[in-house]
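Report on one structure; see the data block that follows.
The values are calculated or read from the model by the stated rules, or taken from the named source; none is laboratory data. This one's a predicted model, so the numbers in the text were calculated from it and none came from an experiment. Here the Cβ is made from the backbone with ideal geometry for all residues, glycine too, and neighbour counts use every protein chain on show.
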Amino acid sequence: MIKLIPIEQLQPGMFIHDLNCGWIEHNFVRNRFAVQDTATVARVRDIGVHEVYIDTERGLDLADAPTREEAELAVDEKIEAIATAPAPAFSPASLADEMQRARGLHRDAHRIVRNMMGDVRLGKQIEMEQVEPLVEQIVSSIFRQQDALLPLARLKHHDEYTFLHSVSVCALMTAFARALELPREIIREIAIGALLHDVGKAKVPDAILNKPAKLTDAEFEKMKNHVVQSKVILLYTPGVSDIALDVAAQHHERYDGTGYPNKLKGDEISLYGQMGAIVDVYDALTSNRVYHKGMPPTEALRKLLEWSKFHFKPELVQAFIRSIGIYPSGSLVRLESGRLAVVQEQHADHLLQPTVKVIHHTKGHYLTPEIVDLRRSQDRIAGYEDFETWNIDPARWLAT
């Protein structure tokens, strides 16, 4: 049986089934292992987790701890509350019209960020005259129809993760800020900070940045130092606002004070830093890396909700989920009819009933693609799925 226990009750003899944190936030070789001694307990506590999942069939039990099913039920109740909560109503442009622009914009953004990181690595200054027009185009695209660009931002190649992660975080932060109904001029600064939030990684050696295995303790510390490097670079970049600087300098801080580099706590972290932390973790969780497989978006959102008890402000996590949907655009979902579909477009007032494109059947055969607005259909979403499980290439369906 899998149970959720407070970290204070972890002891030698237990078997950790899940460290219950993002894989980028620890450097244990495995996520599941036996707790052999008190030193291991101390190492787990040091990574800042408050709860872990244990396997009682492979180690000691804790009688009164809730089961994984009970913990998941609590998350389900929060999801239901988010789905029925009122949200800002936008009037998006045609998805088909915006998709063509979004494809070109995504290619341009990738090229500009890649070149910018290369320049920084060579000691050159960031050219804000390239960054600012790009950000304005991203903001405008999200304002017109966010469901065109956001699915494209999910497409990442292992060897170009750093560049594409920056573009993805920029697009997601823009959608998040818009849902919070922040002024557009503030949203623009947030988006600039999001696009530049990882610029310090240009100072991290490639051998560490692209290592196809877990980092050593020393390598992990060098990787974490990219946040300090980002702040230094942006401090010396003319035209970078305090808002943008907060996004870059605070996106690894955590609400409970367990983050880095300054272990800021609660509202010591600006709104923009708190938003950046949520979006950065979400995009990292859903992205495939050299030695780590990303999880489906809905599963990542559930994890954010679970961790919001400690690491993030719960109201902000809930607002982020409302901004991109319970089943984010580009997700693969299973319908009650047994059909598989890719989510196309969100409806703020019906988050559990997006518009989808039916493409496949769970019996194993492709279907003639069909657009279905679930608000006007008897079919319903039964759950989320993984593209890889069904041997479906997401690029075929997210870029069209």
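This table checks each residue for (1) within 24 Å of THR174 (Cβ to Cβ); (2) in the same structural domain as PRO394 (by TED's automatic domain parsing); (3) among the basic types (Lys, Arg).
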| residue | (1), (2), (3) |
| --- | --- |
| LEU304 | yes, no, no |
| PRO314 | yes, no, no |
| VAL317 | yes, no, no |
| VAL343 | yes, yes, no |
| VAL372 | no, yes, no |
Condition check: in contact (Cβ under 8 Å) with a residue 12 or more places away in the chain, crowded, with 20+ Cβ neighbours inside 10 Å and not in a helix (DSSP H, G or I). Does LEU304 satisfy that? no
In the stretch 212-230, anything touching a residue at least 60 places away in the same chain (Cβ under 8 Å) and more than 15 Å from PHE28 (Cβ to Cβ) is listed as PRO212
Residue match in the stretch 169-191 (condition: in contact (Cβ under 8 Å) with a residue 12 or more places away in the chain, more than 29 Å from PRO297 (Cβ to Cβ) and surrounded by fewer than 17 Cβ atoms within 10 Å (Cβ to Cβ)): no
Exception for PRO394 within (1) under 23 Å from the mean Cα position of the chain (by Cα); (2) at pLDDT 95 or above falls at (2)
Residue hits (the stretch 260-299; surrounded by 23 or more Cβ atoms within 10 Å (Cβ to Cβ) and not in a helix (DSSP H, G or I)) are ILE269
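One line per residue, one yes/no per condition, for (1) at pLDDT 95 or above; (2) touching a helix residue (DSSP H, G or I) at 6+ places or on another chain (Cβ under 6 Å); (3) at positive phi; (4) not assigned by TED's automatic domain parsing to the domain that holds ILE278:
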| site | (1), (2), (3), (4) |
| --- | --- |
| LEU182 | yes, no, no, no |
| ASP206 | no, no, no, no |
| ASN210 | no, no, no, no |
| GLU221 | no, no, no, no |
| ASN225 | yes, no, no, no |
| LYS231 | yes, yes, no, no |
Within the stretch 196-253, of all residues that are polar (S, T, N, Q) and part of a loop (DSSP other than H, G, I, E, B), the one surrounded by the fewest Cβ atoms within 10 Å (Cβ to Cβ) is THR216
